[in-house]
Each structure stands twice: as C-alpha cells, then as structure tokens.
C-alpha cells in the first residue's frame, strides 16, 4: 500500500515540476532572482576591494604624505591604460552604461564579457587611486553583463536577453546604494527605455535580490545618515526653484565639459597609454592645490555636508567648480569609472552652497543648507542623466527620509525639464552620439559617423600625383591620360605642396599667363583631413570649401600625404557600408523569422526551362507549409501577390518546412540554394 501511494504522488510532483520548468514565467523568475543575487555579491566584492584600496592610498598615503596626492591619480591612470590595453578588445559592445544602452537598443542585449571585466578592474585602478569618478557605473556593468551572459548561454530570445540585462542593471544600482526602487527606475528609464508589464516584475525581483545580498554583507543602514530635514515654509519653493535651475545649468555644463575634454584628449598628439596618466596628473594638481575632497567618489565629503559639517559657501561652490573639471579629465583621458557619483557630489555641494548663501539672508526661517544639498543631489543627477524618476527616488532611498520629498520633486522636475531644453543629450547619450548612435528613434548607427576617412580614401601608393616643378605640358598630358579632375601636388621632399585642378589649368591657359610650372598655378592653401576622422566631419570640409577632393595627411606631420579623399570615394564607401548593414539586418531577420516559424528560409533561382517560369504565383499550388516571402528581380525586391508573374531569372525567397523541399523542387523545377 505504501509503494502504491508514493508512486503516483511522486509522479504527479515530477510532472508538476516539469510543467513549472517549462513555464517561461517560472524560468524567468528564477533567472531574475539568480542574476540579482549574483550581481549583489559581485558588487559587494567590487566595493570591498575598491574601499580597501582607497583606504590604503588616498585616505592613507595621501594623508601622511600630501605630495603623493599629486601623483596617485597619475599612477592610477598609467595602471588603467596598461590594463585596458592588454585586457580589452577594440570595438566591444556594452562597455559602460552608454555601451549597455547601445547593446540593448541595437544589439539584442549582447554584452562582451572580456571588455566588461576589463572595465570593472580598470575602475578599481582609476577610482581606487584617486581618479574623480564613481563606482556605480561599474556596478551596473557587473549586473548587466551577468544578465546578458546568462541569457546568451541559455540561448534565450532577444527580448528576454534585454530583460535580464535590465535585471542586472537594477540589481547593480540597488546593491551599490541600498536603493532597490531607484535601481528599478534606472533600469526602466536608462537601460530598457520603456515600461513593460512582464519585464517590470522580473526587474523588481532582481533589484530586491541584489539589495538583500548587499545588505547581508554591508548592512542595511542608509548610504547617508543625516538629521531630519523638511520644508519649513511654502515660500521656500522659490529657493528650490532657483536650485533646480542652477542644477540644470550645472548638469548641462557637466555634459558639455565631458564631451569637450574627451575630444581634446582624442586630438592630443600623445600615446594613448599616456593620456590617462596626463588626465590623472591634472586631477592630482587640482586636488593638491585645490581640495582633496574631489578625489575618488567623494562619498565622505557628501556625508559631511549632509550632516552640516561644512558651512562655507565659497568652499562648497569651489568644490563644484573643481569637480566639474576633475571628472571630465578623469573620464575623458581614458580613465574608467562612473558618472553617477560625481553628479551626486556636484548636487550636494551646489545645494549646500546655495543654501548657505540663502541662510545668510533669511536666517533660520528656512531649512538648513544640508537640506538644499540633499535636494541638489537629485536635481543635478536628474539633469545629467535625463532620468527624473531615478533622480527623485535615489536621494529619498539613500537617506530614507520622506519629509524632504516635496521640494525634492519640485527641484528635480525643474532641473530635468531645463536640462533637456538646454542639452539634447545626457552624459550617456552624448557618448553614443559621438559614435553616430541615436537611440531616440531606435535608429541604427549613422554610417557617415561610423566610417573613417581611411576606410574611403585612395592610398597615396595608388595615386597619380603631380610635382610642383613639373611643366604645364606634363599636367595637360596627365589630365588627358586620366579621368581625374585634380591632383595632389608634392614638392621635392615628397611633402604636400598644394592641389591643382582642371579648372586651375584651364584658367591659366585662357589667360595665356606666363606660368611655366604647376607650382605657379596650383592652390597651396588647401584643406586637409586626417585618416582617423569620420566621413561626417570630412563632408563638412567639402561643403565649407566647395572642393571636390581633400588630401589626407598624418597627425604627426600635416605635410605628409597618405591618401586623397574624393566625393566619389565617400559615396562608394557609404554605399558599401549600407549594403553590409542591409545584408546584416536581412540575415538577422531571416534567422529570427526561421526560429519563430520553426521553418527554414531558402532561395530558389528560376531558369528559362523551369516549371515556374511564366506562371502566376497563384497557379503554382504550393503546399500550405510553404510561403513565398519575396521575389528578387535584378536589383529590385518585389512583394509577392497572387497575380505576380514569375519570370526567368527571378529569385524566390521561400519560408518552408524542411520536409517540403523536394515538393518545392518538383513544383518550381529549380535548384535549391540554402
């Protein structure tokens, strides 16, 4: 009797378990919790290592040997550059929050594991040795990469890959700040970019799991323990309005300096491995002669300000100015780290500084300066990342104080609206914009911004060049022997002398001038471009100067010609890139369609003697398991209809069950190219 009872029970239990595992909801729930918990543990390890290094260097050696403050960030830059050179690969998708956004929007959530590990370790070198950056973006990197890798190894669909990336990002913020709600909204506003009922539940679970694991190791106390602050009078909303406006201008300036200083380091003629060290040295100088509070994430300084430990308005606003420069120097030079913590630092110092000035005028009738510092944190963050809900929830969760929520909401909305009016891009999307990526309309990469001059130019070895001392007769012969309308002119040392065009020659001959050599008629004041410039930038030179060709020169020697860029070269390069992009998209869509339909895509070429030639599509009597998706006729792609006439030379794109291939072959009488 006992065995008869147990056997059906365990059989039913096993059947239930199999059914549960086969449920997408159950699987995604389990994966979301695992990704969240794994992210929480990864963030704990990362933060413990980072805090240990900070304690030994900036707060240890830096305090006992002040001169080391000048050198520590430079050392961090050197170590970061060397590490990134050997540990990362060029062009990996998913590096940093901006890269994660691009991966989710354009690459089905696929994030490179090697590059992510390189970036997280690089952040330990940069931030741990005093670079002005934060640990939150690397925390997001840990979670997003874990979610992406788990989903890819389990071969989940692209929507589920993206969802697990969002789960990891939410858990990263939740674990880093002990703020799961802010993590949820960060994932929705920044990473996923949309609200989805099914995905939100899994993101919530991951954020909670990440925060629980983090609290188990780091404790459940709020990130900043502060006294109770509240709105003392509705009239104070005027001051919070001014704070919101000031926060918006600060956020916009932050975005602007990040873009400009990064561009400055790109143009700097120095080895890439040396640039982070130069940026670190500049940060060390700002800290040594300015204030050491700008080094690292700045959490200690934020805590002191929020507890009312600093009242000097001038010093607080000086910290804002120093941090506005130090963080772009760190990140723009190639250092690794996050932009989140610097935004909070800027907001805390700005708010407390303005609050101190206001208290000088109105005294104790208004809230104390730290209350304005707390509001400023959310306002600058919202303006910098263009995520108002995240900017609202993060300071609230970090302090666990509800009483300041009304002025916080007001200032965050003001800052968010104004910053969007003043700056179209956020600190994250401006980095994507530099690579030609626009996520607003979910458009693909702007090809002209992704192609380099070296991809399109004609190399100098393949060019026919003119010499400055050649005669005009030689130039006439050169134009007659080629179809070119202009030549690069070199001097005796093979350096750029100028450009001569057919128009220059015709003008000289028409005027019957006494010129004898090319040097006398060519244009010597010519526009040049560099091989690593984008075609988008090169086109501006063409438009501004109304020229048809531009010499390509090296950055180290602006007179050394390495190629020539013509309008036709740009068109050809763009066409090739467009064809590659179209082919890649078609291939991905074909794979997606095949997987969704449980069928395979085949291409049938119709010959003159084949059965299908000259027939209409409706007369072929195809099996129900076969669908003709498209008809390729020469360079055109036609949408198939019942009355569509099939001609010899057509290629039929057919979606079919594998078992129907032989039937199709007999009906169409064509060879099958899989």
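Laid out as a table, the results:
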{"item": "Global form of segment 200-321, assessed from the alpha-carbon gyration tensor, a/c cut-off 1.5", "result": "oblate"}
{"item": "Relative packing of peptides 141-148, 408-415 - highest average C-beta neighbours within 10 Å first", "result": "141-148, 408-415"}
{"item": "Gain upon complete extension [residue 576, residue 556; 0.36 nm per residue less C-alpha separation]", "result": "4.2 nm"}
{"item": "Measure of compaction for segment 234-434 (Cα Rg per 2.2 N^0.38 Å)", "result": "1.00"}
{"item": "Added length on full extension, which subtracts the Cα-Cα distance from 0.36 nm per residue, residue 272 to residue 491", "result": "75.6 nm"}
{"item": "Percent RCO, i.e. relative contact order, over segment 31-141, from Cα pairs under 8 Å lying at least 6 residues apart", "result": "34"}
{"item": "Relative packing of 68-81, 638-651, which averages over residues the other C-beta atoms within 10 Å, highest first", "result": "68-81, 638-651"}
{"item": "19 Å reach of a label modelled at residue 233, 7 Å along Cα-to-Cβ, counting backbone N of segment 327-369", "result": "354-369"}
{"item": "The chain: equivalent-ellipsoid semi-axes (sqrt of 5 x gyration tensor eigenvalues, Cα, Å)", "result": "51, 44, 22"}
{"item": "Span from the segment 364-400 Cα centroid across to the segment 298-357 one, whole angstrom", "result": "13"}
{"item": "Nearest-0.05 FRET efficiency for residue 153 and residue 605, computed from C-beta distance (R0 30 Å)", "result": "0.20"}
{"item": "Computed over the chain: relative contact order in percent, which uses C-alpha pairs under 8 Å that are six or more apart", "result": "11"}
{"item": "Least to most buried among 157, 220 (fewest other Cβ within 10 Å first)", "result": "220, 157"}
{"item": "Ranked packing of 366-372, 613-619, most packed first, by mean Cβ within 10 Å", "result": "366-372, 613-619"}
{"item": "Between segment 118-152 and segment 212-278, the Cα center-to-center distance that results, in Å", "result": "18"}
{"item": "Segment 161-211, relative contact order [Cα under 8 Å, separation at least 6], %", "result": "49"}
{"item": "Kirkwood Rh in Å, taken over segment 69-209 so that all alpha-carbon pairs contribute", "result": "15.1"}
{"item": "Contour minus Cα-Cα distance for residue 481 and residue 621 (0.36 nm per residue)", "result": "44.5 nm"}
{"item": "Helix-derived mean residue ellipticity, 222 nm - over the chain, DSSP H n ≥ 4, -39500 (n - 2.57), to 500", "result": "-19500 deg cm²/dmol"}
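Every number in this text was worked out from the coordinates using simple rules, so none of it is lab data. None of the values given here were measured: they were computed from a predicted structure. Please note: Cβ atoms are built from the backbone with ideal geometry, for glycine as well, and neighbour counts cover all protein chains shown.
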